[in-house]
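The values are calculated or read from the model by the stated rules, or taken from the named source; none is laboratory data. Worth saying up front: this structure is predicted, and the values here are computed from it rather than measured. Cβ atoms come from the backbone with ideal geometry, glycine included; neighbour counts cover every protein chain shown.
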Amino acid sequence: MKYAGRLAAATLAGVLSLAACGTDDNTSTAGAASSAAAPAQGDALQGTINAAGSSAQANAIAEWKKNFQSSNPGVSINYNPSGSGAGVQAFIQGTVAFAGSDSALSDEKGEPAQADARCKTGKAINLPMVTGPVAVVYNLPGVDGLQLSPKTIAGIFNSKITKWDDPAIKADNPGVTLPSTPIQAFHRSDESGTSDNFTKFLKATAEADWPYEPGKAWPAEAQGQGAKGSDGIASSIKSTEGAISYVELSFAENSQLQKAKVANGAGEYVELTPESAGKTVEAAEITGTGNDLKLKIDYATKAPGAYPIVLVTYEITCEKGLSPEDAKLVKSFLAYTSSDEGQQALTGLGYAPLPSSLLAKVRTAVEAIS
């Protein structure tokens, strides 16, 4: 169901229009979830939301913040793009009302139990909100449309392939003249959900060439050069000839970086677009229970036209257990971000809207926040 347009300050923040959505066939449950997230009539929103985490969604949060605060001038949204790892820890410590993370709470690290303890009277839930395709970006003047297989990407980031005219890269790019320029591979120096997803992709698709376990922290054995945050990666690639790295599509496009085509599980070299990335997210399996919507992504997908390196940024919060003020504000804000209007606001920023089937479940989960 479509979120209402801009609300005047005197009207109710978050009241929804139940107008028809064209060819969209959203369920009545999704509509009810969005409607229930609005505050009671006559109760204009006031207060501050403190949040932190994923830098991958920083541009999305900035757009959502602008639109939401325009309709709700009594609300301030403070989001610190400190990285997924730092955001999750801030949420567990109770200093933020929600965390943005490019990976769901980690069972291996015991994060779900720690987050549940922070929520006290309820469970912490992972809410997918942003589809952030991960681009393999490079700086190689004169070489556009570079093609790379997972095996080659793993060799580059494991410091085994060190020249741009290496036979492995030539094999991926028949007929292309490649320079002998040294490869300078950059990775995130801070703990990052982007690194977690990128290394999960390498482990799932090129295990023989990527012997390290996936994680938010870059494996020291793989070496390379570090840069902090998505903006630091983009800046490093733009200023360094011969460089290669991984960064969210929004940062790649904002910095006008070259993007490689990446081979999927069927061996098809696929250009990164919101549509090609969406095909991979649509096939993701929900492994969480109840309103916890943790996903398992198939990085070796063989779906035709599917771009395989994607991440989904979650908003992690308490289903129950936030303070009454925080619960009201977070619920209203996430009702907006998961609305049709909120999701469509992402399309010009290098993100892809969530698939409609998943979005309906997100709206139901947001409705349950109290």
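Observations on the model:
- Hey, residue 115 buried (at least 24 other Cβ atoms within 10 Å of the Cβ) and modelled with pLDDT of 95 or more or not: no
- Those residues of region 197-211 which are surrounded by fewer than 23 Cβ atoms within 10 Å (Cβ to Cβ) and either in a helix (DSSP H, G or I) or of a type in the set (S, T, N, Q) (or both), in sequence order: 200, 203, 204
- The one condition in (1) within 29 Å of residue 105 (Cα to Cα); (2) crowded, with 16+ Cβ neighbours inside 10 Å; (3) basic (Lys, Arg); (4) in contact (Cβ under 8 Å) with a residue 12 or more places away in the chain that residue 228 fails to fulfil: (2)
- Within region 307-327, being buried (at least 24 other Cβ atoms within 10 Å of the Cβ), not in a strand (DSSP E or B) and not hydrophobic (A, V, I, L, M, F, W, C) holds for 307, 308.
- Residues being of a type in the set (Asp, Glu), closer than 23 Å to residue 280 by Cβ and within 19 Å of the chain's Cα centre (by Cα) are entirely absent from region 227-245.
- Hits in region 136-158 (condition: touching a residue at least 24 places away in the same chain (Cβ under 8 Å) and either outside any loop (DSSP other than H, G, I, E, B) or not assigned by TED's automatic domain parsing to the domain that holds residue 175 (or both)): 136, 137, 138, 147, 148, 150, 151, 153, 154, 155, 156, 157
- Candidates 368, 360, 327, 335: the one that is of a type outside the set (D, E, K, R) and farther than 24 Å from residue 95 by Cβ is 360.
- Residue match in region 67-88 (condition: within 23 Å of residue 346 (Cα to Cα) and without any contact (Cβ under 8 Å) to a residue 24 or more places away in the chain): yes
- Residue 142 being at positive phi, surrounded by fewer than 17 Cβ atoms within 10 Å (Cβ to Cβ), of a type outside the set (A, V, I, L, M) and touching a Pro at 6+ places or on another chain (Cβ under 8 Å): yes
- Taken as a whole, the structure leaves residue 105 outside the set of residues that are at pLDDT 95 or above and within 22 Å of residue 260 (Cβ to Cβ).
- Screening region 212-263 for strands (runs of 3 or more DSSP E) wholly inside it with 3 or more residues that are closer than 11 Å to residue 187 by Cα, touching a Cys at 6+ places or on another chain (Cβ under 8 Å) and not assigned by TED's automatic domain parsing to the domain that holds residue 170 returns no ranges.
- Any hit, region 112-131, residues being among the hydrophobic types (A, V, I, L, M, F, W, C), part of a helix (DSSP H, G or I) and not assigned by TED's automatic domain parsing to the domain that holds residue 99: no
- Being closer than 30 Å to residue 173 by Cβ, at pLDDT 95 or above and buried (at least 24 other Cβ atoms within 10 Å of the Cβ) is a property that residue 137 has.
- Test: residue in region 158-166 that is among the basic types (Lys, Arg), over 22 Å from residue 301 (Cβ atoms) and in contact with a helix residue (DSSP H, G or I) (Cβ under 9 Å, 6 or more places away or on another chain): yes
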